[in-house]
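Got a structure here, written out as structure tokens. Questions coming.
The values are calculated or read from the model by the stated rules, or taken from the named source; none is laboratory data. Bear in mind that the values here come from a model prediction, so they are computed numbers and not experimental data. Positions of Cβ are generated from backbone atoms using ideal geometry, with glycine treated the same way; all protein chains shown enter the neighbour counts.
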Amino acid sequence: MSEVEVRFLGTGDAFGSGGRLHTSTLIRSDEGSLLVDCGPSTLAALRRQALEPDDVDAIALTHLHGDHFAGIPFLLMDAHYGSRRARPLMIAGPVGVEDRIGRALDVLFPGTGALPFRFPLTYVEWTERESVQAGPGVVTPFEVKHSTATPCYGLRVEHSGRVLAFSGDTEWTDALVPLSADADLFVCECFGYNSAPPHHLDYQILQSQRHALTCRRLLLTHMGDDMLRRAPTLGIETADDGLVLII
């Protein structure tokens, strides 16, 4: 069983609180690399850490809000025109993911929405709790509560014998319990301390439900300014841009 590296490229919210980069986590082992979410700053984060974007085998998206997927057009343009990627790439996400990315390409780089990329590019749409092989990982989506306009999921990733869970963005929902059950690591959003914008989690709610979560390790991310100020005094694990864990 090979070790799994979990590298946090970006841990910020949509507003760049604390100067953090947008959400993106790279999971790597000898079997390959899987990117969970791909915020707008992902390509820059990969370059900053001297990582090769073309080494990513698959991208798994929790939902189609800009701070979680809007880095994909930049990755695709770099792969097509910059590195001239030849290796296949798979992108998995909620229903409509291919159309949404195509429209984003057309907005950001007019005329590229239907570009025939020089490398094999495939899309897969999530179906509730149906597992998908995404590069080196098997990913199972759990529907969470974040938006009424677009489906949103937490993702449970089985990679090289480890289980990693990602809440995505969500208010408290009982789906987080099986999503994170016995996971080696549960990466959970926690926007605020005792309050949060609609359809997000805060620390007090998480603490009240902590007994139900059987994950081996809980790591908080996607924090707003108030939570960032308080986190160092709470005795909890939090993610920072550039953090690397070996699981």
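Pairs, please: C-beta under 7 Å, at least 6 apart or cross-chain, first residue under 19 Å from D174 (Cβ atoms) and in region 121-145, second β-branched (V, I, T)?
Close Cβ pairs satisfying both conditions: R129/T140; V144/T170; V144/T173; K145/T170; K145/T173.
Let me ask something else about it. Could you please give the count of residues in region 130-146 that are surrounded by fewer than 17 Cβ atoms within 10 Å (Cβ to Cβ), within 18 Å of L26 (Cα to Cα) and either in contact with a His (Cβ under 6 Å, 6 or more places away or on another chain) or not β-branched (V, I, T) (or both)?
Residues meeting the conditions: 1.
Are any residues in region 171-180 under 10 Å from C215 (Cα atoms) and out of contact with any strand residue (DSSP E or B) (no Cβ under 8 Å at 6 or more places or on another chain), and if so, which ones?
V177
When region 63-85 is examined, which residues are found to be among the basic types (K, R) and surrounded by fewer than 17 Cβ atoms within 10 Å (Cβ to Cβ)?
Correct list: R84 only.
If you don't mind, there's one more thing I want to ask. Checking the conditions here, which among T148, T214 is among the polar types (S, T, N, Q), over 19 Å from the mean Cα position of the chain (by Cα) and modelled with pLDDT under 95?
The conditions single out T148.
Regarding V163, is this residue without any contact (Cβ under 8 Å) to a residue 24 or more places away in the chain and closer than 24 Å to G93 by Cα?
It is true that V163 is without any contact (Cβ under 8 Å) to a residue 24 or more places away in the chain and closer than 24 Å to G93 by Cα.
Look at region 147-157 and say how many of its residues are under 24 Å from E31 (Cβ atoms) and either among the β-branched types (V, I, T) or crowded, with 24+ Cβ neighbours inside 10 Å (or both).
Of the residues in that region, 4 qualify.
Then there is this: In this structure, is S160 surrounded by 15 or more Cβ atoms within 10 Å (Cβ to Cβ) and modelled with pLDDT under 95?
Yes; evaluated as a whole, the condition is true for this residue.
How many residues, within region 1-29, are surrounded by fewer than 17 Cβ atoms within 10 Å (Cβ to Cβ), at pLDDT 95 or above and closer than 14 Å to E158 by Cα?
1
Output the number of residues of region 7-53 satisfying the condition of being within 13 Å of P136 (Cβ to Cβ) and within 16 Å of the chain's Cα centre (by Cα).
7
Could you pull out the residue among F119, F109 that is more than 27 Å from D13 (Cβ to Cβ), over 16 Å from the mean Cα position of the chain (by Cα) and either of a type in the set (D, E) or surrounded by 13 or more Cβ atoms within 10 Å (Cβ to Cβ) (or both)?
Of the residues listed, the single one that is more than 27 Å from D13 (Cβ to Cβ), over 16 Å from the mean Cα position of the chain (by Cα) and either of a type in the set (D, E) or surrounded by 13 or more Cβ atoms within 10 Å (Cβ to Cβ) (or both) is F119.
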